[in-house]
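The structure appears below as structure tokens.
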Amino acid sequence: MAMTMSQKILAAHAGLEYVEAGQLIMADLDLVLANDITGPVAIKEFKKSGADKVKFNDKIALVMDHFAPNKDIKSAEQCKTCREFAAEQNIENFFDVGRMGIEHALLPEQGLVGAGDLVIGADSHTCTYGALGAFSTGVGSTDMAAGMMSGKCWFKVPAAIKISLTGRPAKYVCGKDIILHIIGLIGVDGALYRSMEFTGDGIKYLSIDDRFTICNMAIEAGAKNGIFPADDVALEYMKGRFRRRPKIFEADPDAEYERTIEIDLSELKPTVAFPHLPENTRTKWGDIRIDQAVIGSCTNGHISDLRMAAEILKGRKVAPGVRAIIIPATNEIYLQAVHEGLVDIFINAGAVVSTPTCGPCLGGYMGILAAGERAVSTTNRNFVGRMGHVSSEVYLASPYVAAASAVTGRLTSPEEL
């Protein structure tokens, strides 16, 4: 029987020859993930169940990234809870200040996730790892606790949407524009509990960072996961990083998809999601004045994203009255940005560079908006109050657009500079 790529991964981890959409299965996990917000809840549930030992101490990752370095006493206590649990359970992959980064950039970088893996995380953007050909998805903290206890999780096998990408993106069009275009096309519930499987000749023009960005925001269309084939680009990224042997799964030629979406990448333009939903996308905009530009997050804090921003900011200045905040996703990326001179460009332009953290993305810290303020941001959500006051506004965009907007003080396409 024919299966999609996601279905093949789920079948292999459930020890079954075949699975179909809607089927309930129990499957073995390669990794379970939590952060400093979801981790303490999972730990509480773990202890409440009466469990005293995790199943696999090398298949758990705890990443202190949302409010770390700690912004207040409560966030310090949350990290302390995770830190003590990691020591008690001898968790091998505990990432604290100095070692941590934003989880969904850090785990691929550290080789903890890769092709053919089945990964759950107590964070909705765990779907990022589909860029490497893994089935990865977000779960609640209770499922996270169960995964720590048993090394397993139950799944309802998702139906799939095939997204065929053709053509080559134009200058200033990147992964963020592609996924925003898709979400604008199908809506925030257009792929509800579906697997978004990307295919087509256009994939070869997408960097691994583009793919991370696209899979990261699959959840913003309601998807269970997003996934790319593990081609040479993905295998090259994993080479020397991935701690296991990649397992390549390919969809059968006659696999069943609920629908197929054809997208010619050469026709896309820089795209912005206006408040207050990621589906509210536009390629033309009026005179939208901004107060803040944020470039970073698990969505767009990779080295290629910082290079895009530096390309725009080099030799230019951030507009008066605008706060430009650059957040590398990991220490490795931060250090590379230093070595390449990107940090010099940012500081000379009048931007600030932060330690790796989720920070302002979720309204945490390092860039909270006051009443009535507007931000253009490379983050993934622009819900009401997402980055601060309920009357503030967040415009989702690529690093190119965010950097160009920081220079002009208004929402700006890089082609306008």
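Computed values, structure above
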read-out: Positive-end residue of LEU235, GLY111, PHE135, charge dipole of the chain with Cβ unit charges; value: GLY111
read-out: Gain in span if fully extended, ASN90 to ASP254, counting 0.36 nm per residue against the direct Cα distance; value: 54.5 nm
read-out: Extension gain from LYS247 to ALA51, taking 0.36 nm per residue of separation minus the Cα-Cα distance; value: 67.4 nm
read-out: Fraction of accessible area attributable to carbon and sulfur, the stretch 189-247 (%, probe 1.4 Å); value: 47 percent
read-out: Stretch gain in nm, segment LYS239-MET26, where the contour uses 0.36 nm per residue and the Cα spacing is subtracted; value: 73.7 nm
read-out: Residues listed by number, the stretch 220-262, amide nitrogen under 13 Å from MET1 label point at 7 Å toward C-beta; value: 256
read-out: Fraction of the pair-distance distribution of the stretch 350-406 above 14 Å, Cα-Cα pairs, percent; value: 53 percent
read-out: ARG168 paired with ASP232, simple spin-label distance in nm, labels 7 Å along Cα-to-beta-carbon; value: 1.5 nm
read-out: Percentage relative contact order, the chain, counting C-alpha pairs under 8 Å, at least six apart; value: 17 percent
read-out: At R0 = 45 Å, FRET efficiency that the Cβ-Cβ distance of ASP344 and LYS80 yields, to 0.05; value: 0.80
read-out: Reduced Cα scattering model of the chain, Debye log10 I(q)/I(0), q = 0.06, 0.09, 0.10, 0.14 Å⁻¹; value: -0.22, -0.51, -0.63, -1.26
read-out: Residue-normalised accessible area of the chain, expressed per residue, 1.4 Å probe, Å²; value: 38 Å²
read-out: Two-decimal Rg to Rh for the stretch 167-310 - Kirkwood Rh, Cα set; value: 0.97
read-out: Set of lysines near LYS284 by C-alpha distance (under 19 Å), chain-local residues within fewer than 8 positions excluded; value: LYS171, LYS176, LYS269
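The values are calculated or read from the model by the stated rules, or taken from the named source; none is laboratory data. For clarity, every value in this text was computed on a predicted model and none was experimentally measured. With ideal geometry, Cβ positions are generated from the backbone for all residues, glycine too; neighbour counts draw on all protein chains shown. All accessible areas refer to the heavy atoms of the entire protein, side chains included, with ligands and DNA or RNA removed. Shrake-Rupley method; radii C 1.70, N 1.55, O 1.52, S 1.80 Å.
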